[in-house]
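Input: a single structure, listed below in structure tokens.
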Amino acid sequence: MTPSAPPATRATALPLLASPREVATHCPYCALQCGMTLRETPEGRVEVAARDFPTNRGGLCQKGWTSAELLDHPERLTTPLLKGQPATWDEAYDFIVNGIRRVQETHGRDAVAVFGGGGLTNEKAYALGKFARVALRTANIDYNGRFCMSSAAAAGNRAFGIDRGLPFPMADIAEADTLLLIGANVAETMPPFARYLTEQRQRGGTQIVVDPRATPTARAATLHLQPTPGTDLALALGLLHIVVAEGLTDQAYLAERTTGWEAVRQTVAAYWPARVELLTGVPVADLEATARALANADRAIILTARGAEQHAKGVDTVTAFINLALALGLPGRPGSGYGCLTGQGNGQGGREHGQKADQLPGYRKIDDPAARAHVAGVWGVDPDSLPGPGLSAYELLDALGQPGGPKAMLVFGSNPVVSAPRAARITERLRSLDLLIVCDFVLSETAAIADVVLPVAQWAEEDGTMTNLEGRVLRRRALRKPPPGTGTDLAVMAELASRLGRTGDGRSVAGGEQSGGFSAEPRAVFEELRRATAGGVADYAGVTWERVDAENGVFWPCPAADRAGTPRLFEEGFPTPDGRARLIAVEHRPVAEEIDAEYPLYLTTGRVLAQYQSGAQTRRIAALPGGPFVELNPDLAERLGIDDGDTVRVVSRRGEMIAPARLVTTIRPDTLFAPFHYSGMGRANSLTGDALDPISRMPEFKVCAVRIEPVTP
């Protein structure tokens, strides 16, 4: 069967690029969004060249240098798959629409769910939220960013009234006299960012890294704190105790710019240094050195990342570090403050525009009547027609196929078979669906079990915008058209909306290339996004593609085209009702799953230099080596009779993984480490648990109880 071109693709044909075929764009991977130049040679190959952009200043990691190899990869999908067989786009669309209608007629609107991704452009994230709520009218939409940024986002919102990963430009980091970095290994996860750390040290700055592993980032620091996994909250409380006990708080700042200090002060009184050493394993001397280095610096920055946040108490942990920053008077001062290192490529923009279960565009709350009225006005629908909050990511995936849960799901830009916690259970739930639709450009592990797979464009084949970890809106530019037979995510949403008889203004349509309020053109979608976000916390109303091009990106909030963006937040106040930051008292609590005689070791997971996220992209590039492994301390290995390179089995209460052992002295004797990029028997998320933070609904990825044993030949 010869597949036909997707109907909606004709509406999204990109203009031919002027000779030479070259565009300035950004890397498709992490939230640093390094500037790069793409060139198409006369032979049709795409070459990557570094570009001097403010964030990466000409640097790229090996993932960025090899990113173009995916464009013409032999495993690239160029035809829809229906039950594993090639199909035409019309056949695929008919199957999907009939399936959606059948499921919703039988089980209700919320029986169809949508799962998005933190790598989608702002336009796609916005369109996906609108598609779920207007075309499908389902409450059940969430995305994999819930597994990445949600704890820091929730803590930032309740303390500052806003969530922007870095509320200051990255350049501030190099200017800090003291930098405290908790739970990040940027030397491997975003190497071009590490130059800011190098510059900070070269200026004579003190650099303190908190990590259970002596990572390359930790080994380069002035001081490395190596706590027991899951005790970062106690560490933060202990640091603030020392600051208070030694009279190092900024009392004028606390009085003028914050509320809630007294309750926090009373709480941290119980976390004296000796007690915190027992809880964390960090020596008292190192706790005191850290607190004094922060308090005595003219400029100090505290940064958290996934190591501190991916816990069932992640929101409280981040809150405790924010409390420390506020007690020292850091937020709003140039070269100082609290920030969070966003992970996914559009981890910032992806959570601002409506693909989270509880949000509408502009970071508006979906249960706020004023927010609903504004967005409904832009969409041309009755506010009462918009659904309310849906299930969070893990809860949504866990409910699939269950009584009362969704019976169908559309997946855009995500691979939960590898990336979700308790992954074996989630794979079962995905398999139980009546209908699973995946949009992807390769056959990911999730796509491999789907009923319908729609082949879509890659980053170099479509225009759009991304928002990096410092809140800078960037332009992603197309070098060339998608291959024949492929569509785009926007085109898919527009066509499905048309065939479902829905448009943005609530009118029925007969179908066709353009679906009324669901445009397949990225620029048209961005213009609508500007209107939808106007007046919201994440206000993009003044951001235009022309400004982004002319200004090397525009920092939100930017409420008007004649106003500058906002590189640095909090200088004059906080976007809270009274203009003050809120300190919130929190208490340490144990990890969700303590070690015991049967499972006597902690497992922590993370990224490695050559791979990215679920590995669906990077594992296909030959120049990016790697495979699953388990790190363990040589003392532990000797006790268990394990040699370097031996095949080992790691077992938790939820599953097991099998991989080679890697003996390293850089990890605690009570802790194992495994990268989460791999599938099959090397899938680390077969082990991880499903305990959730009560506020952010973040799963506890970073610590669970396991045992390790050699695999008998």
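Which members of the range 166-221 meet the condition of being open to solvent by less than 10 Å² (accessible area, probe 1.4 Å) and part of a strand (DSSP E or B)?
178, 179, 180, 181, 182, 207, 208, 209, 210, listed by residue number.
Looking at the range 694-711, can you tell me whether even one residue there is in contact (Cβ under 8 Å) with a residue 60 or more places away in the chain and assigned to a helix (DSSP H, G or I)?
No, there is no match, as no residue in the range 694-711 is in contact (Cβ under 8 Å) with a residue 60 or more places away in the chain and assigned to a helix (DSSP H, G or I).
Among (1) open to solvent by 10 Å² or more (accessible area, probe 1.4 Å); (2) closer than 30 Å to residue 428 by Cα; (3) touching a Pro at 6+ places or on another chain (Cβ under 7 Å), where does residue 404 come up short?
(3)
Does residue 318 qualify as being over 28 Å from the mean Cα position of the chain (by Cα) and open to solvent by less than 10 Å² (accessible area, probe 1.4 Å)?
Working: over 28 Å from the mean Cα position of the chain (by Cα): no; open to solvent by less than 10 Å² (accessible area, probe 1.4 Å): yes.
Answer is no for this residue.
Quick one: which residue in 388, 339, 343, 335 is modelled with pLDDT of 95 or more and either touching a helix residue (DSSP H, G or I) at 6+ places or on another chain (Cβ under 6 Å) or more than 21 Å from residue 110 (Cα to Cα) (or both)? Explain how you work it out, then say what you get.
Values: 388 fails: either touching a helix residue (DSSP H, G or I) at 6+ places or on another chain (Cβ under 6 Å) or more than 21 Å from residue 110 (Cα to Cα) (or both); 343 fails: modelled with pLDDT of 95 or more; 335 fails: modelled with pLDDT of 95 or more.
Just one listed residue meets the conditions, 339.
Has the range 124-132 got at least one residue that is assigned to a loop (DSSP other than H, G, I, E, B), open to solvent by less than 20 Å² (accessible area, probe 1.4 Å) and modelled with pLDDT of 95 or more?
Checked against the condition, which is being assigned to a loop (DSSP other than H, G, I, E, B), open to solvent by less than 20 Å² (accessible area, probe 1.4 Å) and modelled with pLDDT of 95 or more, the range 124-132 yields no hits at all.
Residue-by-condition table, conditions (1) in contact with a Ser or Thr (Cβ under 9 Å, 6 or more places away or on another chain); (2) without any contact (Cβ under 8 Å) to a residue 60 or more places away in the chain; (3) under 24 Å from residue 25 (Cα atoms):
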position: 346; (1), (2), (3): yes, no, yes
position: 352; (1), (2), (3): yes, no, yes
position: 363; (1), (2), (3): yes, no, no
position: 367; (1), (2), (3): no, yes, no
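How many of the residues in the range 92-101 are surrounded by 15 or more Cβ atoms within 10 Å (Cβ to Cβ) and either at pLDDT below 95 or not β-branched (Val, Ile, Thr) (or both)?
The qualifying residues number 4.
In the set 234, 255, 291, which member is open to solvent by 60 Å² or more (accessible area, probe 1.4 Å), part of a helix (DSSP H, G or I) and not basic (Lys, Arg)? Walk me through how you get there before you give the answer.
Values: 234 fails: open to solvent by 60 Å² or more (accessible area, probe 1.4 Å); 291 fails: open to solvent by 60 Å² or more (accessible area, probe 1.4 Å).
One residue alone meets the criteria, 255.
In the range 532-546, what residues are of a type outside the set (S, T, N, Q) and either surrounded by 17 or more Cβ atoms within 10 Å (Cβ to Cβ) or in a loop (DSSP other than H, G, I, E, B) (or both)?
Within the range 532-546, 532, 534, 535, 536, 537, 538, 539, 540, 541, 542, 543, 545 qualify.
Just name the residue that is nearest to the chain's Cα centre (by Cα) out of those in the range 348-371 that are open to solvent by less than 10 Å² (accessible area, probe 1.4 Å) and aliphatic (A, V, I, L, M).
357
Please state which one of 228, 249 is in a loop (DSSP other than H, G, I, E, B), among the β-branched types (Val, Ile, Thr), in contact with a Gly (Cβ under 9 Å, 6 or more places away or on another chain) and within 27 Å of residue 334 (Cβ to Cβ).
Criteria check complete, one pass: 249.
Taking only pairs six or more apart or across chains, which ones have beta-carbon atoms under 8 Å, a first residue in the range 625-653 that is at positive phi, and a second residue that is open to solvent by 40 Å² or more (accessible area, probe 1.4 Å) and outside any strand (DSSP E or B)?
Within 8 Å, the pairs are 626/619.
Can you name the residue in the range 415-430 that is small (Gly, Ala, Ser) and open to solvent by less than 10 Å² (accessible area, probe 1.4 Å) and, of all such residues, is nearest to the chain's Cα centre (by Cα)? Before you say what the answer is, go through the steps one by one.
Let us first name the residues in the range 415-430 that are small (Gly, Ala, Ser), namely 419-420, 423-424.
From what is left, the residues that are open to solvent by less than 10 Å² (accessible area, probe 1.4 Å) are 420, 423.
On the way: 420: 13, 423: 18 Å.
The extreme case among them is 420.
If you check residue 312 against the conditions, is it within 11 Å of the chain's Cα centre (by Cα) and modelled with pLDDT of 95 or more?
no
Could you say which residue among 138, 121, 106 is surrounded by fewer than 22 Cβ atoms within 10 Å (Cβ to Cβ), of a type in the set (Val, Ile, Thr) and modelled with pLDDT of 95 or more?
Criteria check complete, one pass: 106.
Go through the range 50-80 residue by residue and tally those that are assigned to a strand (DSSP E or B) and at pLDDT 95 or above.
Looking only at that region, the number is 0.
Just one of the numbered conditions (1) within 24 Å of residue 135 (Cβ to Cβ); (2) outside any strand (DSSP E or B) is not true of residue 439; which one?
(2)
Do we have any residue at all in the range 152-162 that's modelled with pLDDT of 95 or more, out of contact with any Ser or Thr (no Cβ under 9 Å at 6 or more places or on another chain), among the β-branched types (Val, Ile, Thr) and under 30 Å from residue 385 (Cβ atoms)?
The answer is no; no qualifying residue exists.
Is it the case that residue 224 is at pLDDT 95 or above, farther than 16 Å from residue 178 by Cβ and buried (at least 19 other Cβ atoms within 10 Å of the Cβ)?
Judged against the criteria, residue 224 is not a match.
Out of all the residues in the range 444-451, is one or more part of a strand (DSSP E or B) and either open to solvent by 20 Å² or more (accessible area, probe 1.4 Å) or closer than 23 Å to residue 101 by Cα (or both)?
No, the conditions are met nowhere in the range 444-451.
For the condition in a loop (DSSP other than H, G, I, E, B), within 19 Å of residue 152 (Cβ to Cβ) and open to solvent by less than 10 Å² (accessible area, probe 1.4 Å), what is the one hit in 329, 345, 335?
None of the other options fit; the residue is 345.
Pairs only if they're at least six apart or on different chains, beta carbon under 9 angstrom, first in the range 406-432 and on the phi > 0 side of the Ramachandran plot, second open to solvent by 30 Å² or more (accessible area, probe 1.4 Å); list them, first residue then second.
413/119; 422/398; 422/654; 422/690
Output the number of the condition that residue 695 fails; it satisfies all remaining conditions of (1) under 30 Å from residue 358 (Cα atoms); (2) at pLDDT 95 or above; (3) crowded, with 20+ Cβ neighbours inside 10 Å.
(3)
The values are calculated or read from the model by the stated rules, or taken from the named source; none is laboratory data. Note that the structure is a prediction, hence the values are computed from the model and not measured. Every residue, glycine as well, gets a Cβ built from its backbone with ideal geometry; the counts of neighbours run over all protein chains shown. In case anyone asks, the SASA skips ligands and DNA or RNA and just uses the protein heavy atoms, side chains included. Shrake-Rupley method; radii C 1.70, N 1.55, O 1.52, S 1.80 Å.
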